[in-house]
Structure formats: structure tokens, C-alpha cells
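Below is one structure, written out as C-alpha cells, with a few remarks after it.
The values are calculated or read from the model by the stated rules, or taken from the named source; none is laboratory data. Remember, predicted model here, so these are calculated numbers, not experimental data. For neighbour counting, all protein chains shown are included, and Cβ atoms are generated from backbone atoms with ideal geometry for every residue, glycine included. Remember, those area values only see protein heavy atoms, side chains included, never the ligands or the DNA or RNA. Shrake-Rupley method; radii C 1.70, N 1.55, O 1.52, S 1.80 Å.
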Amino acid sequence: MTAIRKPQRNPQLNGHGELIHLLSTEGLPKAIIHQILDTAEQFLSVNDREVKKVPLLRGKSVFNLFFENSTRTRTTFEIAAKRLSADVINLDIARSSASKGESLLDTIANLSAMSADMFVVRHSESGAPYLIAQHVAPHVHVVNAGDGRHAHPTQALLDMYTIRHYKKDFTNLTVAIVGDIVHSRVARSNIHALTTLGVPEVRVVGPRTLVPGDLREMGVRVCHDMAEGIKDADVIIMLRLQNERMNGGMLPSAGEFFKEFGLTEAKLALAKPDAIVMHPGPINRGVEIDSAVADGKQSVILPQVTFGIAVRMAVMSILAGNEA
């Protein structure tokens, strides 16, 4: 007799379907994505206050564990936690016990003994935040701030917030994601979020060496020609060329990439007249995007940063309200 396998529980949700960890946009229910976006909208007004704080995480300790460098992401998480009145501890991984051979889980166990309530984790190994989430106490929450090439859920959620802010409805959009797809955890997280929210056409655009062959299985349209990829697009998400993750031979040169896939005003004219241009940052001007576009009227790159603080506040406040 064949054993009936139980469906695997989503490790991000508790038994009531509430968010307890944010590890990926893959498998994240549509209702929870909307909950995060709606909550972020309420937090945007905090930016305009004289005292930019609310007491929702007062008495809670948030540990930023960045095993990979990222000043921008770490800073926005720190600002978000402090605006929620949390105590924030930034661990200097390069000088910590982890660099002396201590295992990841031993590091987490020691920090948990210091009464940690939330870990914000960036790690070069895909799956590291999942491993941590499996070994923390029920009251402790884990937020994935980027793991390997796998996922960057809060970047995707702030991108979804940005798109909703400017375009209102997801169900009639064409979204083009352009550039270094193969190394991008942002691209994967965005694809999962966009399809969950009902975007009818998601395109990935880039040279064959930088676009994985299995993306069509995710329901996206693969384009190796920039004009085809961004024609009549409503949203263009440019990605950073991740030279630090590349092996030789993936690109002839940065100049050649810009010629074929860099976003210029002439190429942008192929998209819809009211198309918005996004980029997760940091921007390589003259490589992925021309300065005239990055600083132009269709660019929403700086508002993305502002929205990112509100979205990360939303994620942390929702997690703090739920227990395993």
C-alpha cells in the first residue's frame, strides 16, 4: 500500500496561514502580499512626521546578520527597525566568531541566547535563511535579505509596491526585467511576485549567457533582443550586472552590453509613453542604464528606496504580531 504523503507546510506561515518568516516570494499567498503592501502604505506617512517613530517593536531586538556586504539593504532594514522603536544590533560578520570557524547555527544559538526576537539575514549560500528559520524558537522571526542567487523577497515586495503606486492594477500590465538574470535573486523574486499578483505578461530580457534556460517554465517570455523585450512595456526593471558573481566569458565587455541591452532614451521610446523605469541599485551608469534615463521623468528609482523603508517596516511589524 502506497503511503499518502502530507503536503509540505509552507515554512513561512504558521498553522493559521499567518506570516512568521519572510524567506521568499515563491509560495507567498496573494493575500499576504497585499497585506504587506497595504500595511506599507500606512507606514509611508511616518516619513513625514517630525518624530519618525511608532512603538510597534518597542522592547524587541532585531539582529542584522549580513554575511555579504550590502550597505543599502542593511541601512534600510536598520532605519525600518528603528522607526518601529526596536533595538537594532548590526553584527560585524567579518570580525565575528563566524569568520573564526563557528558554524552558522552555533552563531544563531549564541545570538538567540541574547534574547534576539528577529534575524535579518543576508548570506552568500542559497537556503541559509531557511536553515536558520528551522532552528529558532517559535517567537523568533527570520527575514531573508538575500541568499545566494535564490531570493530577495523584500526587494521584490518594494518593487511590487512601486508598481502598484504608479500603475494601480497588476492585471493589465506588461513588465520587462532586463539584464543579468542568471545571477539575480531579485529577478526570481520579482517573477514569483508578479505572477502571483496576476500580471499577464512578464518578460525577461538579456543575452543568452545571462538568461537561464529554465525560465519559460516559470511562465515568462524570454527575449534576447532589447527592442522585442521592452516594446509596449508598462514597467521596465533594469538589473545590475553582477560582475562579482560572473566567470570569464559571460560578456564580451561592459560597453558591448550597454550597446545591446543598456537602457537609453531611444530604447525607452519603444515602451509605452507612461512606462516607469526601476532599478534595485546600485546603478552602473553607462553600463545598464544611461544617466539621462536614470535621472529622467520616467525613472522611479529614488522613490523605490523610500518605499523600501515602509515595506520593510510592514514586514517586521506583521511578523512581530504573529507566532508559530
With Cα Rg over 2.2 N^0.38 Å defined as stated, name the option among (1) 1.04; (2) 1.23; (3) 1.00 computed from the structure displayed.
-> (3)
Using a 1.4 angstrom probe and counting only protein chains, how large is the accessible area of residue 171 in Å², to 10?
-> 80
Signed unit charges on C-beta, dipole axis of the chain, positive-most listed residue 161, 47, 219 = 47
State the extension gain, in nm to one decimal, for the chain segment bounded by residue 218 and residue 260, taking 0.36 nm per residue of separation less the distance between their alpha-carbons.
-> 12.6 nm
Once every DSSP H run of n ≥ 4 in the chain is given -39500 (n - 2.57) and the sum is divided by its residues, what mean residue ellipticity at 222 nm do you get, rounded to the nearest 500 deg cm²/dmol?
-> -10000 deg cm²/dmol
Taking only protein heavy atoms and a 1.4 Å probe, what accessible area per residue, in Å², does the chain have with all protein chains in place?
-> 45
Against the longest alpha carbon principal axis of the chain, how many degrees, from 0 to 90 and to the nearest 10, is the axis of helix 153-167 turned?
-> 50
Residue 58/residue 201 FRET efficiency (R0 25 Å; Cβ-Cβ; nearest 0.05) | 0.05
Neighbourhood net charge (10 Å Cβ-Cβ; Lys/Arg +1, Asp/Glu -1) for residue 150 | 0
Rounding to the nearest 20 debye, state how big the charge dipole of region 140-183 is about its Cα centre with +1 on each Lys and Arg Cβ and -1 on each Asp and Glu Cβ.
-> 160
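Can you give me the % of accessible surface on the chain that is carbon or sulfur? Probe 1.4 Å, all protein chains present, nothing else counted.
49
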Compute the distance in nm between two label points, each set 7 Å from the Cα along the Cα-to-Cβ direction, one at residue 71 and one at residue 103.
-> 3.6
So which of 52/297; 53/168; 53/297; 168/231; 267/297; 231/259 end up more than 24 Å apart, counting from Cα to Cα?
-> 52/297; 53/168; 53/297
If R0 = 41 Å, then residue 231 and residue 45, at their Cβ-Cβ distance, give a FRET efficiency to the nearest 0.05 of 0.60
Can you figure out the FRET efficiency of residue 297 with residue 270, using R₀ = 25 Å and their beta-carbon distance, to the nearest 0.05?
-> 0.90
